[in-house]
Every structure is written in structure tokens, then in C-alpha cells.
């Protein structure tokens, strides 16, 4: 079991001697092998949530646990996929992917096997010796996802992973992620500001309030997806055309928009 | 008809202008020195210099031929520069990584780094002698600051996403420094090495003017004592050319590193 649990998490930031609340009582559970998308208005603290789960930051109060253990710092059991990829530009694709395994002392032949397995899964064959700057944004993000997946982490933390990609590449990557999740399901916390991406990819969508962030509403996509048999459709545009999809998307939008409109006043 | 003032020139045009500039300089030099306007001992003609240079290539002066003097200078230079890089780069990186070390070293370093290398000559001679130790210290003091500063900047301002990526991949502290911080800082380090190499070479000649017993600087001092101004100019040309070669070589290396990194 490798659930991600936020228990009454508060996070304050200090700036110019003043203290600002970023998160105010976040409660959220991402169940084992579940994909939860976190959406919210800009600056609501969704990235802070992810960074707390990653261990890059610590909560001011409350606690974050992954697989039952409190998060004390970053580690390979919680692999992160960054919006800006954060691949090592001086390492080849294969070396970038193998880096985490080398840290864990995985023997060379096992490492080789796992790396080539994930390279095949991510459609990166033929690019093993290329350097990140020689690849398109979409291909770079494939490498970043491969680098996270190959660790077989308890949790995958994705911070607007497709935010830096163009619209077409984005759609391809969204389909890819669904395909990979079928082959190798993981517990995933997924941050996005794109509502249709959230509804398409997630089992549940958690909507946050504007800053200071809390979880405002959680939509159950999984039961709708199963009930309306979204999986019959191979293509993303067909899924997004379904009435049940449109309904969920509109609902999420409205929920988000209330926060944004409020923020203007 | 008005024309734009700063139209970019083609490569050929730029090259031709460079030749024109150089030719004018040599021409002016030739006219002044050959006309007798200035006594020959004060300013040799370009032809005197060329003749003297060829002579020095084979005939020893002040105990050695010009190539032998150069070899001696390059030996000192190599030691001094390598020492500066070997101390400056790791120290700079450590200062960039450990904030407390930065706080300790920076005031001392800022206090010392504006002192010209040649100002160290008296102490260099006292502490390390006028053979090889003294000049090495002078070269070191010239080459060290850029090596340290660029390594420091590289490490201090490394993109935080690489460090976070390394951390979430379970990288130990030592491996983060060796496998992430060092390569991430590498373009900055190489740029600093290039600047340090140039400053070190400039300092060497200053040091040798005073302390050495062989080397290009020494040869020039001996030339001055013997009122052989062509020897002095031959030394200047040798210094200039070798300095240029060092710079070109390191520039190539820097460009290579940047290309591999996808920065250029």
C-alpha cells in the first residue's frame, strides 16, 4: 500500500518579516494506485502540496505521509516529474534514466534491463545516446517520465508535466500516460491547470480554493469513466466529446471559476 | 546620401580592415623608426626586430635561445596555472555549496584580489626564491581569482531544479557535488579557466622581469641592460603570440563544452 495522505496540512511562508499562509488545512488522500489531479487557481498552493509530498518543503503544521511513513525529505520512493523536465543536460538519455538506479546500487546488468524496458515502454528507442538538448520538448518529458517510472516508486508526483509542451504534443503525451498507467499503475499526484487534462487523466479531481489553499471539492471521475465506458475510446478527442466528460469538465470549470472570480474582488 | 552608421560588415570586409589596421601600425612604426626621428636604440625598426628574432631562434642570448627561454617560461606558467586551478576551482565550488565557507573566505578574498600580481613580487622572492617558486606564486596570484570566482558562481547559482532532481533520485551529498554540481557548473568553470589562463600569462612576464634567472621576461631585462631593444621587442612579440595561442586553445575548449551542452 502506498497512499499519499495529507492530514490537516498548513504551510506558511515568510517574506519581508511577514508570514503568509499558503495552505490552510489541506486534507487529501491519494489511495494506492490511484491518480488524483489537483487543480486550482494560480498561486493557490497546488505546487506547494506536491513539494511537500516530495519532501522539498516541510509543512508548518499537520503531516504528509506516503505509504504510512511521514515524509522527511526527498527520495526515490517519491519520484517527481518537473514541468521544466530538469533532465541533466550533460548526460545521455540512457544515463539520465539510469541515474537513480545507480544511486540505489542496482547492479549494472539489472540496471541495463530496466532502463531498456522503460525506454521501450516510453517509445524512446533509438534515442539512448542522444543528449536532452537534441530532443524536442515532448521527447524530453518522455525521458523525465521514464527516469521517474524506472525507479518503481511508491508515488509519482507530477508538477504540470505537460505545461511546457505545445498543444499537439500535449495530447499525445496525455494518451501516452494513460497507456503507461494501464501497463504499470502507480499512485499519482498530478498537478495541472488544464481542466480537461485533469478529467481525462485522473481517477479523482481535487479542486483547491484560492490562496490560502484548501481542498474545496473532490470529483469522482473513475465511477463515471467506468459507468460510461470511456475506455472504449482510444482517442482523447472522442473521450472529450462524451456527454459525461463534458459534464464533469464543466462542473470543474464552474467550481474553479468561482474561486477566480472571487479573487478579483 | 545618408547611410546607416553601423551596417554589419561581411567577414571578408572585417578581415581586410584588420589587415589595413595592422599594416598602418607597422607602416607608422617603420616610418618613425627608419626616419631617424627617434634614435635607433630607443625604437628599433620592424626589420631590426625580425632579424633579431630569427637570430634569437638559434643563437643563445642571456644563456639560452628564445625557444629555450619560452620553454622555461611555459614550465613555470603551467605549474602556476595548474596550481591556481587545482586550488581555485574546488575552493570556489565549496564556497558556492557551503554558505558558511562563503562567509569565511569572501572577505579575505575580496581584500586580496585587487592587489596586482606584481605587488607580490617582493614576498614571492622572499618566500619562494627567484628560481621557480617565486614566479609560480606570481602566476598563481594572477590566475587564481578568476578560477575561484567562476567556480563559485557556477556552484552558487546552479539551477535548483538539477539539485532537486538529484535529491529525488536519491543521490548522496558527495555524488550530488561530483555528479551534478560539478558538471552543472562546468561551462562557468571553463570560462573562468580561460580568463585565469590569460591573466596568469600576463603575470608571469611581470614576475620574470624582476625575479627570474631564465625565461622570456629575463631575456627582455637582459636585452634592456645591453641596450638591445630589438631583443626586448622580440620578447614582447613572443609573449603576445603565446598568449594568443593559449587563449585560442582555451576558447576552442570552451566552445566545445558549450556545444556539447547545447548552449551554443
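Values in this text are rule-based calculations from the coordinates and carry no lab data. Keep in mind it's a predicted model, so treat the numbers as computed, not measured. We place every Cβ from the backbone using ideal geometry, glycine too, and count neighbours over all the protein chains shown.
Assorted remarks:
- Volume of the convex hull of the protein assembly as shown (Cα atoms only), normalised per residue: 256 Å³.
- Span from the the stretch A:17-91 Cα centroid across to the the stretch A:200-246 one, whole angstrom: 21
- Between helix B:216-225 and chain B there is an angle of about 30 degrees, using the helix long axis and the longest principal axis of the Cα atoms.
- The shape of the stretch B:50-260 can be summarised by an equivalent ellipsoid whose semi-axes, obtained from the alpha carbon gyration tensor, come to 39, 19, 11 Å from longest to shortest.
- Between A:132, A:76, A:89, the Gaussian network model of chain A with springs among Cα atoms under 10 angstrom shows the greatest mean-square fluctuation at A:89.
- Helix content alone sets the calculated 222 nm mean residue ellipticity of chain A: runs of n ≥ 4 DSSP H residues at -39500 (n - 2.57) each, divided across all residues, give -12000 deg cm²/dmol.
- A convex hull fitted to the Cα coordinates of the stretch A:88-152 yields 73 cubic angstrom per residue.
- Think of it as helices only: each DSSP H run of n ≥ 4 in chain B is worth -39500 (n - 2.57), and spread over all residues that comes to -25500 deg cm²/dmol at 222 nm.
- For the stretch B:50-260, the relative contact order is 27 percent, taking Cα pairs closer than 8 Å that sit 6 or more residues apart in sequence and dividing their mean separation by the residue count.
- The residue A:247 and residue A:152 beta-carbon pair, evaluated with R₀ = 25 Å, returns a calculated FRET efficiency of approximately 0.10.
- On full extension, the segment bounded by residue B:79 and residue B:259 gains 61.9 nm, given 0.36 nm per residue less the C-alpha separation.
- Across chain A the C-alpha pair distances fall into 10 Å bins from zero in the proportions 7, 29, 35, 22, 6, 0, 0 percent.
- Kirkwood hydrodynamic radius of the stretch A:116-217, from inverse mean 1/r over distinct Cα pairs, in Å: 14.7
- Segment residue B:51-residue B:115, length gained on full extension (0.36 nm per residue, minus Cα span): 19.2 nm
- Over 23 Å [Cα-Cα, the stretch B:20-168], rounded percent: 61
- In plain terms, the residue of A:18, A:120, A:46 with the fewest other Cβ atoms within 10 Å comes first and the most crowded comes last, giving A:18, A:120, A:46.
- Amide N of the stretch A:215-253 lying under 11 Å from the label point, which is placed 7 angstrom from the Cα of residue A:182 along Cα→Cβ: A:231-235
- Relative to the compact-globule estimate of 2.2 N^0.38 Å, the Cα radius of gyration of the stretch A:156-264 comes out at 1.07.
- Counting every other Cβ atom within 10 Å of each residue's Cβ, A:157, B:47, B:199 order from fewest to most as B:47, B:199, A:157.
- Put a dot 7 Å past the Cα of residue A:234, heading toward its Cβ, do the same for residue B:173, and the two dots end up 5.4 nm apart.
- Whole-Å distance, taken between Cα centres, linking the stretch B:111-151 and the stretch B:36-88: 21
- The stretch B:1-43 has equivalent-ellipsoid semi-axes of 34, 12, 7 Å, by the square roots of 5 times the alpha carbon gyration tensor eigenvalues, sorted largest first.
- Here is the size of the stretch A:1-134 from its Cα atoms: Rg then Dmax, 18.0, 53 Å.
- Against chain B, whose longest principal axis is taken from its Cα atoms, helix B:134-156 shows a tilt of about 40°.
- Listed residues B:28, B:250, B:126, most fluctuating in chain B (Gaussian network, C-alpha, under 10 Å): B:28
- Computed from Cα positions, the angle between helix B:99-112 and the longest principal axis of chain B comes to roughly 20 degrees.
- Listed residues B:11, B:161, B:72, most fluctuating in chain B (Gaussian network, C-alpha, under 10 Å): B:11
- Residues in the stretch B:184-222 reached by a label modelled at residue B:123 [backbone nitrogen below 17 Å; 7 Å Cα→Cβ]: B:207
- Contact order relative to length of chain A, as percent, for alpha carbon pairs under 8 angstrom and 6 or more apart: 26
- Stokes-Einstein D (µm²/s) once Rh is taken as the Kirkwood radius of the stretch A:34-82 over alpha-carbon pairs, at 20 °C in 1.002 mPa s: 183
- Cα-only radius of gyration and Dmax that characterise the stretch A:1-53, units Å: 12.7, 42
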